[in-house]
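Here's the structure, in C-alpha cells; my notes come after.
The values are calculated or read from the model by the stated rules, or taken from the named source; none is laboratory data. Keep in mind the model is a prediction, meaning the values are calculated, not measured. Cβ placement follows ideal geometry from the backbone for every residue including glycine, while neighbour counts extend to all protein chains displayed. Areas reflect the complete protein model, heavy atoms only, side chains present, ligands, DNA and RNA absent. Shrake-Rupley method; radii C 1.70, N 1.55, O 1.52, S 1.80 Å.
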Amino acid sequence: MTAAHLPASPLVIRATDDRRAELILTGDIGAHALWPLEERLAAPPLSETDEWVVDMSGATHLDLACAYALLRAATRWPATAVTIRGARRAVHRTLHQAGFDAVAVMED
C-alpha cells in the first residue's frame, strides 16, 4: 500500500502528560484498522504513560482482532492502568470476549 492508500487510524490521542493518556476510538474499528491501531498503540507517548483513559463512546463497531490489539498493548506494560468509557453494548461485548474485563475498568 502506498501512503495515500493507508487507512487512517481510528485512534486519536487527545491529551497526554508524563503519567496519563486520553485516547478516543471512533467509528467502525474493523480489520482494516488493525495495523494503524497497533502502530499507534505501540508508539510513544502511549508506551510511556502509566494510565490510559479510553473514550469509546463514538465507536460503532469493534473487530475482535482490534480488541485483542488493544488488550495486548494495555498489558504490555503491567503498570499501565486502563479505563474504558462509554462503550456501546456491541463494543462492550467484544471487549468482554477479548478478556478486557480482567485488565480494565469498564465505565458506562
Problem set entry | Separation of the residue 88 and residue 20 label points, Cα + 7 Å toward Cβ, nm | 2.8 nm
Seminar exercise, completed: When every protein chain stays in place and a 1.4 Å probe is rolled, 57, 47 sorted by accessible area with the largest first are 57, 47
For this session: Please return the longest stretch of the chain lacking exposed loop sites, where trypsin sites (Lys or Arg not before Pro) count only if DSSP places them in a loop and at most 16 other Cβ atoms lie within 10 Å.
Result: 20-87
Problem set entry | Per-residue [θ]222 nm for the chain (sum of -39500 (n - 2.57) over DSSP H runs n ≥ 4, rounded to 500) | -9000 deg cm²/dmol
Problem set entry | FRET efficiency estimate (nearest 0.05) - Cβ-Cβ, residue 35 to residue 60, R0 22 angstrom | 0.65
Exercise. Quick one: if you stick a label point 7 Å off each Cα along the C-beta vector at residue 28 and residue 102, how many nm between them?
Worked result: 3.1 nm
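Mind checking the alpha-carbon convex hull of the stretch 6-50 and giving the volume per residue in Å³?
So the per-residue hull volume is 65 Å³.
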Problem set entry | With all protein chains modelled, accessible area of residue 28 [1.4 Å, Å²] | 90 Å²
